[in-house]
Ligand SMILES: [Zn+2]
């Protein structure tokens, strides 16, 4: 990181800590050339997130895809559109705050299911059954086991 005072490119990090919002890292830097001190903030850019698929393939994170799968799961369910938007923003914020640009697709799936389970059981089951096609069977069994009764799949 170039020193803003003298232009020296070889500055040192003296201290790193999460900023208050926990989605960024605050770094105190020192320039050994001029003694100047300055602070930088580092945050994950969602557009830079890379999804690591179960088969090991890497793919750029696509918010639209995430939204589509969630909206399909919630189709015709009595959930306010604002709540759905809130949930999607919440999921995106959680992904941003994981602190790593590489995110396993499994982690995303789990966060989505956790969020869906909290607002609508039917949508949760729909999503989980689709998700099943992409995961190992024992994973799906675990998700089902976590389902709280009464379980009502049919509308
Ligand atoms: Zn300097």
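Values quoted throughout were computed directly from the atomic coordinates according to the rules given, and no laboratory measurement underlies them. Here the structure is a predicted model, which is why all the values come from computation and not from measurement. All Cβ positions, glycine included, derive from the backbone under ideal geometry; neighbour counts span all protein chains shown.
Across segment 60-83, the residues whose backbone nitrogen lies under 18 Å from the label position 7 Å along the beta-carbon direction of residue 129 are 69-78. At R0 = 22 Å, how high is the FRET efficiency between residue 97 and residue 72 if r is their beta carbon distance? Nearest 0.05 is fine. Efficiency for this residue pair is about 0.30.
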